[in-house]
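S.K.: Please read through the structure below; I'll follow up with questions.
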Amino acid sequence: MKTRNKLVRMSKVLSMAFVIFLQIYWYKLRRKPKEEWEKLWGNIGERYRNTLFELEGLLIKVGQFLSTRADLLPKAFISQIEDLTDKVPPSDWSEIEKILENQWGKSLHENFLSIEKTAIASASIGEVYKGVLKDGTEVAIKVKRPYIDSIVQTDFRVLAIIIWFADHLVPIPKGFINFKVLYQELKQVIERELDYTMERDTILFFRERLKDMDIVKIPSVYSELSTPNVLVMEWVEGIRLTDIEGLEQVTVSRQELAQRLIKVFLPQWMEPGKFHADPHPGNVLVSRDGKIILLDFGMIGEISKKDAAHFQNLIESFLSKNYSKAVDCLSQLGFLLPEADSRTMEKLLAELVSFEPEQLKQMDLLAFKKEMNDTIQALPIQVPTRFVFLGRSFVTVEGIIRNLAPEADLMDLAKPIFLEWLNKQGNNKWSLIWQWIQSQPVFKIFHSVTEFLNAPQRLEDLKEREQRRQFQFMIYENNKKHFFQLLILGIIGMASGTYTSHSLILNLAAGGTAVALVGYYICGLKQKKWMKYMHEKRRE
């Protein structure tokens, strides 16, 4: 791991962050045009990318996390970090050997016939080695990197400082990012990855949950050899689902593999409980007989019963083409801001779902993705923090499916699997029938009439609420800007007074600086309370 020295790591990360903060404020004060802001965010993304590759550690995980927030962060920044891979050079074998012997309290030869000294996989937190037990069984040995706990602890301290400054000083993006919630979620995920006993328990949980599904394979765990820093698992050979040539050796078709993948992940996304949050091509393999192999359960998410019910209703709404109900579900889940117009969102959803595979093949998918990101940022949409990892899981699996079966329509692939899953849910299948009935023209007429009659008052309420919200926000922002300008003048005045040895200038400047700091802090607190109030209103 590069740059283990705590002070060096802290100084490099903090200096990078504070330079970025100053640039953002400078651009804000100068009221730079949109094109200049795009260049700035691109430069910020490039600087962050270079710094994380230099320091590694937690920063790579943070970058991967931020790359999922295209709904909140500028696309120029996202484009610099969206293809980050968590690959770092392996540690020296001598350090790994010491960790293993300390964890087991005995020589490696007492448990193993052999262990390969070259890592077969190496990431920012752990490394994987291949070993052979005394009985000849091949196993995968996952070991935490040397000093990683200390490095992550240092990085979290630095990140906490940056989050505090971002929360209090940085201009707030659309959707009012709750930096503290983002920080807590990231910390929870990383701390879970640092404790291999939690990953062991998760593997055992999924083995039990999916034991009746004969199309999936999850490696067994050797609990007696596993510790918080070491995880020993069954060695499983598999083919990457992105390896087109390798898939020719599999006994089932690629379209069947795509459907099996949906069958494995759909219940995880739809039912309350845990789901695999990092199903990238290295963690999802396929055996020669067509079984989906799931690896690496370090990063998981969890869905509540309430959210699971809303997601089920959302899928039912899409299948029955009841976009009014779909918009309502998105609102209940927290994806739509209060000012979102339901009719506009219904039309947008209808257009998105109406895309045919032939149309997608003729389109520039990269340009389409950028257009979608622009659309999302232009609309009153935000991704609730609790769904970031669910979205990551879904988008990653969707990408694998499109690679497996590019000719197939994703909805056509998923529909029979969803209906099969729905039939196992008992009364939910009658809910689907009712959703379909509600989507018929006669019901839509009544819905349209009701919407038409309520539209004037609703639009007036929305307009008044938005005007009040924008007016109050601008008051706080302008006050903070004025105090910040006074702070800069005070600092310049103090520097001038010190340089000229003029006590009056120095005292006046010091007083102005103090007033500016207090005023900025008070405005920040008031804005924070107001933001909290707005979040509560949005959840109602």
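S.K.: Check each of the GluC sites (Glu not before Pro) in the stretch 87-124 and keep only those in coil by DSSP with at most 12 other C-beta atoms within 10 angstrom; list them in order.
M.R.: Glu116
S.K.: Name the residues whose placed amide hydrogens come within less than 5 Å of the amide hydrogen of Gly126, ignoring near sequence neighbours (fewer than 5 apart) on the same chain.
M.R.: HN-HN under 5 Å from Gly126: Arg145.
S.K.: Same structure again: Taking every pair of alpha-carbon atoms in the stretch 130-285, what share in percent sits in each 5 Å bin, from 0 to the bin with the longest distance?
M.R.: Each 5 Å bin holds this share of Cα pairs: 2, 7, 12, 15, 15, 15, 13, 10, 7, 4, 1, 0, 0.
S.K.: Sort 254-263, 6-15 by the packing proxy (mean of other Cβ within 10 Å over each peptide's residues), most packed first.
M.R.: So the peptides 254-263, 6-15, ranked by packing, come out 254-263, 6-15.
S.K.: Can I ask one more? From the phi of every residue in the stretch 265-279, what ³J(HN,Hα) in whole Hz does the Karplus formula 6.51 cos²θ - 1.76 cosθ + 1.60 yield, where θ is phi - 60° and glycine or proline is x?
M.R.: 8, 4, x, 5, 7, 9, 9, x, x, 7, 9, 6, 9, 9, x
S.K.: What list of ³J(HN,Hα) values in whole Hz, one per residue of the stretch 203-220 in order, does the Karplus curve 6.51 cos²θ - 1.76 cosθ + 1.60 (θ = phi - 60°) give from phi, with Gly and Pro shown as x?
M.R.: Going residue by residue, I get 4, 4, 4, 6, 4, 6, 5, 9, 5, 8, 9, 7, 9, 10, 10, 10, x, 6 Hz, with x marking Gly and Pro.
S.K.: Under 5 Å between amide H atoms, partner at least 5 residues away or on a different chain: which partners does Val216 have, H built in plane at 1.01 Å?
M.R.: Ile292
S.K.: Take the Cα atoms of the stretch 174-257, build their convex hull, and give its volume per residue in Å³.
M.R.: Dividing the Cα hull volume of the stretch 174-257 by its residue count gives 181 Å³.
S.K.: Take the stretch 14-166, drop everything but the C-alpha atoms, weight them equally and run the Debye formula without solvent; then report log10 I(q)/I(0) at 0.15, 0.18, 0.19, 0.20 Å⁻¹ to two decimals.
M.R.: The calculated log intensity ratios at q = 0.15, 0.18, 0.19, 0.20 Å⁻¹ are -0.85, -1.06, -1.14, -1.22.
S.K.: Through the Karplus equation 6.51 cos²θ - 1.76 cosθ + 1.60, θ set to phi - 60°, convert the phi angles of the stretch 223-228 into ³J(HN,Hα) values in whole Hz; use x for Gly and Pro.
M.R.: So the J values, rounded to whole Hz, are 4, 5, 9, 9, 9, x.
S.K.: May I ask for log10 I(q)/I(0) of the stretch 224-329 at q = 0.12, 0.18, 0.19 Å⁻¹, from a Debye sum over the Cα atoms as equal point scatterers with solvent left out?
M.R.: Treating every Cα as an identical point scatterer, log10 I(q)/I(0) equals -0.58, -0.98, -1.02.
S.K.: Computed FRET efficiency, Cβ-Cβ of Asn478 and Asp412, R0 45 Å: what is it to the nearest 0.05?
M.R.: 0.25
S.K.: On full extension of the chain, what length is gained from Glu256 through Glu95, given 0.36 nm per residue of separation minus the C-alpha to C-alpha distance?
M.R.: Full extension of this stretch gives 53.5 nm more.
S.K.: Roll a 1.4 Å probe over the protein chains and send me the accessible area per residue for the stretch 211-306 in Å².
M.R.: About 43 Å² of surface per residue is accessible.
The values are calculated or read from the model by the stated rules, or taken from the named source; none is laboratory data. All values derive from a computational prediction rather than experimental measurement. Note that we place each Cβ from the backbone using ideal geometry, even for glycine, and neighbour counts take in every protein chain shown. Accessible surface areas use protein heavy atoms only, side chains included; no ligands, DNA or RNA. Shrake-Rupley method; radii C 1.70, N 1.55, O 1.52, S 1.80 Å.
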